[in-house]
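The values are calculated or read from the model by the stated rules, or taken from the named source; none is laboratory data. Keep in mind that what you see is a predicted model, and the values were worked out from it rather than measured. Here Cβ is always computed from backbone atoms with ideal geometry, including for glycine, and neighbour counts include all displayed protein chains.
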């Protein structure tokens, strides 16, 4: 499916009224943006196609309120961490208690050991844990640990993956390359092409040719990294592919890493490791583990994690950070994970059921109205895809519809539902059925707003 160039120009003409409405009700946001532009090299992440961002003043449960006093149903989920919703009571109480004691020590506080125990108890793959400050740091340290442990240089990623903002992660498949044998290119300036050419290997997602590529490169391949559920292509029907991947990595003596920065403690309490019953050598966490505060976690088997200490004659890597394992984040993470653990029998079925209900109702509305749009979801994380009959990998997502996507989320904001600029949406335990009902209705109204624009997508 695609949009002809001449018709592409027509998209957005029906959005002037909603854009004007949003601009008129966010005058404080507009003024703050002008101030920020005078000093900031990069503004905050833009949410929708407006001349200024929507700046949030407060958050509660399933809602965000901007500095102009407008309230929105929140589908950003803090970009994923807020499994319990905004400002959940267990986390708020844990933070309040810790603030009374101090919020930065530099040297270890007692919270690191306790949070590490909670993470370890969630998965049989986790024997030891190391804390850092972000998911990007976690994947960077994990790549370094794998190279040190194996003595090999190359790390393999999958087409459509996202593993953070360091040089070894900012790669994507060259769309000109063959789907089953993709080559990679770097994202943005400043990353030496040698990284892509000499140190990384791109694999096809959900394609068994990946197994052959691993076998071919096993002598130089230190690590295979995969999002068990890709943020660009959220789906849960990955069991067969992941099973095969695990077997091939074991056969070739190549380490397997699950990047659970987004999926950890969201898909299930034990993450995708629990959902798919798979045991990797290395796991990275972030987002939900910190209860909404910055965190990264490298975890895994003791034999690999020994690289962080140099124990058992393992080559030692350098890792650290001023705020790694800081007491506020540890307290927040403990508050969140303890509550999730105690209530997992209710929370995770609810997130899956309501996520599936939302996706199914939206998809049925699109089908019945002949709208070429589909919502893909993996439980509580979801992505609305414009065009495309069948999505196997991110290669199947038509990027020509990005302008239409932007218009859609602009109109959705006009109906008081906010989705992040990455267009990956999340629901939380705080999104009760009546809130989900309101979200579904807002999506339907937005589809109706853009019925003419959607008709420009040609099959």
Query raised in the report: Which of the residues belonging to region 70-82 are touching a strand residue (DSSP E or B) at 6+ places or on another chain (Cβ under 8 Å) and outside any helix (DSSP H, G or I)?
Result: 71, 72, 73, 74, 75, 76, 80, 82
Query raised in the report: Any idea which of (1) within 18 Å of residue 19 (Cβ to Cβ); (2) modelled with pLDDT of 90 or more; (3) touching a strand residue (DSSP E or B) at 6+ places or on another chain (Cβ under 9 Å) is the one residue 56 doesn't satisfy?
Result: (1)
Query raised in the report: Has region 38-47 got at least one residue that is surrounded by fewer than 13 Cβ atoms within 10 Å (Cβ to Cβ) and at pLDDT 95 or above?
Result: no
Query - Residues being touching a residue at least 12 places away in the same chain (Cβ under 8 Å), over 16 Å from residue 261 (Cα atoms) and not in a loop (DSSP other than H, G, I, E, B) - total across region 225-249 - result: 9
Report task. From the list 152, 176, pick out the single residue that is part of a loop (DSSP other than H, G, I, E, B), at pLDDT 95 or above and farther than 22 Å from residue 278 by Cβ. Result -> 152
Query raised in the report: Residues 100, 120: which one is surrounded by fewer than 13 Cβ atoms within 10 Å (Cβ to Cβ) and not in a loop (DSSP other than H, G, I, E, B)?
Result: 100
Query raised in the report: Checking residue 272 against (1) touching a helix residue (DSSP H, G or I) at 6+ places or on another chain (Cβ under 6 Å); (2) under 14 Å from residue 379 (Cβ atoms), which test does it fail?
Result: (1)
Query raised in the report: Can you tell me which residues in region 392-423 are part of a loop (DSSP other than H, G, I, E, B), touching a strand residue (DSSP E or B) at 6+ places or on another chain (Cβ under 7 Å) and at pLDDT 95 or above?
Result: 416
Query raised in the report: In region 147-198, what count of residues is obtained for those that are under 22 Å from residue 261 (Cα atoms) and either within 23 Å of the chain's Cα centre (by Cα) or not assigned by TED's automatic domain parsing to the domain that holds residue 318 (or both)?
Result: 21
Requested in this report: Confirm whether residue 83 is closer than 30 Å to residue 441 by Cα and surrounded by 18 or more Cβ atoms within 10 Å (Cβ to Cβ).
Outcome: yes
Report task. Mind listing whichever residues of region 424-451 are out of contact with any strand residue (DSSP E or B) (no Cβ under 6 Å at 6 or more places or on another chain) and part of a loop (DSSP other than H, G, I, E, B)? Result -> 427, 428, 429, 431, 432, 450
Report summary line: Going through region 376-391 in order, the residues found to be surrounded by fewer than 22 Cβ atoms within 10 Å (Cβ to Cβ), at pLDDT 80 or above and outside any strand (DSSP E or B) are 391
Report summary line: Of the residues in region 6-27 that are surrounded by 15 or more Cβ atoms within 10 Å (Cβ to Cβ) and on the phi < 0 side of the Ramachandran plot, the one that is modelled with the lowest pLDDT is 8
**Report entry** Yes/no for residue 160 being part of a loop (DSSP other than H, G, I, E, B), within 28 Å of residue 271 (Cβ to Cβ) and at pLDDT below 95
**Finding:** yes
Query raised in the report: Do the conditions hold for residue 126, that is, is it farther than 25 Å from residue 188 by Cα, in contact with a strand residue (DSSP E or B) (Cβ under 7 Å, 6 or more places away or on another chain), surrounded by 22 or more Cβ atoms within 10 Å (Cβ to Cβ) and in the same structural domain as residue 306 (by TED's automatic domain parsing)?
Result: yes
